[in-house]
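The values are calculated or read from the model by the stated rules, or taken from the named source; none is laboratory data. In this text, all values refer to a predicted model and were calculated from it rather than measured experimentally. Cβ placement follows ideal geometry from the backbone for every residue including glycine, while neighbour counts extend to all protein chains displayed. For the accessible areas, the whole protein counts, side chains as well, though only heavy atoms, and no ligand, DNA or RNA atoms are used. Shrake-Rupley method; radii C 1.70, N 1.55, O 1.52, S 1.80 Å.
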Amino acid sequence: MLIPFNKPFLTGKETLYIEEAVASGKISGNGDFTKKCQTFFERKFKIKKALLTSSCTDALEMSAILLDIKEGDEVIMPSFTFVSTANAFILRGAKVKFADSYFNSPNINADCLEDLITSKTKAIVVVHYAGIACDMDEIMRISKKHDLFVVEDAAQAIDSFHKERPLGSIGHLATFSFHETKNIISGEGGLLAINDERFIERAEIIWEKGTNRSAFFRGEVDKYGWIDIGSSFLPSEVIAAFLWAQLEQLDTIQDCRKQIWNTYYNGLKSLEQQGKIKLPYIPEYATNNAHLFYILCSTNEARNSLIGHLRKNKIHAVFHYLSLHKSPYFLNKHDGRVLPYSDSYSDVLLRLPLFFDLELEKVRYIVSKIKDFFDEV
Ligand SMILES: *Cc1c(COP(=O)(O)O)cnc(C)c1O
């Protein structure tokens with residue numbers, strides 16, 4: 001039987017809570033389960049205001065609306081990221097300027113940001129790749145100096161920290177994902193974290209189709225109407241109920257994932273010492289939330305033949321992002337700068353299976369098959 005790359009984990013309470021939501025007679029959004037999930041994030045991760053969304057993509061689109069991104073505005077972000085990070089800002093008419101990664105980490109290289117800032121720059125979007133923090137001290141310093149907004153794409157970064165601060169609580173805005181490939185899931189799902197109080201009121205309006213419906217239901221206004229642009233960004237209570245069952249088990253899920261991650265790391269260390277692969281780099285200021293385990297091969301050919309070798313041994317390992325500045329959609333919009341590290345992660349990064357139900361014995365089997373491959377070449 002094939003060891004899959006991912007398998008969604010169920011805590012067992014999901015359907016129970018969905019039944020509760022259905023029985024309550026309210027299954028549209030912004031009900032009790034939504035509030036429970038939002039409060040959980042606000043308390044545990046020190047977020048001023050959390051709003052559940054139907055996806056991280058939605059939360060990114062809300063961020064672009066909230067920051068009033070318009071035609072001609074420039075937004076800086078890494079090229080090594082998921083399409084939604086860029087799409088959300090492109091949809092508002094922004095010009096995206098892609099930055100390179102570090103030589104030893106796929107995260108955005110803070111040292112190259114100031115060269116990319118112009119009078120039109122409005123925001124920097126950072127992505128905590130694999131749940132490992134970007135250099136937030138430096139990024140916040142630069143954003144303050146140039147009066148820019150910072151959005152953290154924390155899709156992969158639940159329960160991870162920069163020094164003592166939870167990721168998602170540092171930028172003006174931040175976004176999380178509960179897609180079934182993430183640590184905490186609801187099938188599709190996301191959350192917008194608002195850390196700058198100036199955005200809270202308008203965020204609720206954008207979330208509710210451009211109306212002040214949320215304020216109306218709290219009794220703050222006596223009628224509600226259309227007062228801004230917006231969309232239907234909130235998920236139903238069915239999704240929130242599922243998500244709540246997962247959040248209750250956060251610590252159990254994280255402990256298990258970290259065990260798997262450490263088993264890979266310790267098992268593969270000798271290959272790194274022999275110079276055959278590189279393992280993830282975790283800076284001193286960052287924690288590891290075991291969102292994903294990747295290795296870096298020395299060449300694209302080696303990476304691809306390792307994928308084939310693992311496949312033959314019934315292990316599904318996968319590559320990750322292709323640099324966005326080279327994508328068919330963006331290629332003719334890019335200013336021509338070469339982003340060698342981003343390209344190199346596209347070429348040589350390999351993600352190994354990592355999910356709750358993956359037994360440590362299987363992890364050791366995967367490690368042994370990787371070692372076999374390097375013994376043969
Ligand atoms: C998963 C992911 C997204 C998209 O999340 P959805 O909830 O599927 O919209 C965006 N950015 C990054 C970095 C991701 O890993």
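In the set (1) more than 21 Å from Asn266 (Cβ to Cβ); (2) within 21 Å of the chain's Cα centre (by Cα), the condition left unmet by Arg303 is number (2).
Can you pull out every residue in the stretch 307-320 that is farther than 11 Å from Arg351 by Cα, open to solvent by 30 Å² or more (accessible area, probe 1.4 Å) and in contact (Cβ under 8 Å) with a residue 60 or more places away in the chain? Within the stretch 307-320, just Lys314 meets the criteria.
Does Ile69 fit the bill of being part of a loop (DSSP other than H, G, I, E, B) and under 17 Å from the mean Cα position of the chain (by Cα)? Against the criterion (part of a loop (DSSP other than H, G, I, E, B) and under 17 Å from the mean Cα position of the chain (by Cα)), Ile69 does not qualify.
A single entry from Ala123, Ala130, Ala99, Ala174 fulfils the requirement of being under 26 Å from Arg351 (Cβ atoms), away from the ligand (no atom under 14 Å from the Cβ) and open to solvent by less than 10 Å² (accessible area, probe 1.4 Å): Ala99.
Filtered by the rule that a residue be surrounded by 21 or more Cβ atoms within 10 Å (Cβ to Cβ) and away from the ligand (no atom under 16 Å from the Cβ), the stretch 191-204 gives Ile194, Phe199, Ala203, Glu204. Taking the conditions (1) part of a helix (DSSP H, G or I); (2) within 22 Å of Thr15 (Cβ to Cβ) in turn, Ile200 satisfies each one other than (2).
Set side by side, the residues Ile27, Ile18, Ile90 differ, and just one is among the aliphatic types (A, V, I, L, M), in contact with a Ser or Thr (Cβ under 6 Å, 6 or more places away or on another chain), surrounded by fewer than 24 Cβ atoms within 10 Å (Cβ to Cβ) and not assigned by TED's automatic domain parsing to the domain that holds Arg337, which is Ile27. Of everything listed in (1) assigned by TED's automatic domain parsing to the domain that holds Glu164; (2) in contact (Cβ under 8 Å) with a residue 60 or more places away in the chain; (3) open to solvent by 30 Å² or more (accessible area, probe 1.4 Å), the single unmet condition for Lys70 is (2).
Restricting attention to the stretch 223-272, the residues that are closer than 30 Å to Ala302 by Cβ and hydroxyl-bearing (Ser, Thr, Tyr) total 4.
For the subset of the stretch 133-170 comprising residues that are in a loop (DSSP other than H, G, I, E, B) and acidic (Asp, Glu), which member is nearest to the ligand (Cβ to nearest atom)?
Asp159
Take the stretch 177-190 and flag every residue that is under 16 Å from Asp153 (Cβ atoms) and near the ligand (Cβ under 7 Å from one of its atoms). Residues satisfying the conditions are Ser177, Phe178, His179, Thr181, Lys182, Gly189, Gly190. Within the stretch 50-66, residues that are within 10 Å of the ligand (Cβ to nearest atom) sit with their Cβ atoms under 6 Å from residues that are small (Gly, Ala, Ser) and part of a helix (DSSP H, G or I), at 6+ positions apart or across chains, in these pairs: Thr53/Ala59; Thr57/Ser84; Leu60/Ser84; Leu60/Ala88; Glu61/Ala88.
Look through the stretch 205-227, keep the residues that are part of a loop (DSSP other than H, G, I, E, B) and closer than 17 Å to Asp58 by Cα, and return whichever of them is least open to solvent (accessible area, probe 1.4 Å). Once the filter is applied, the top-ranked residue is Gly210.
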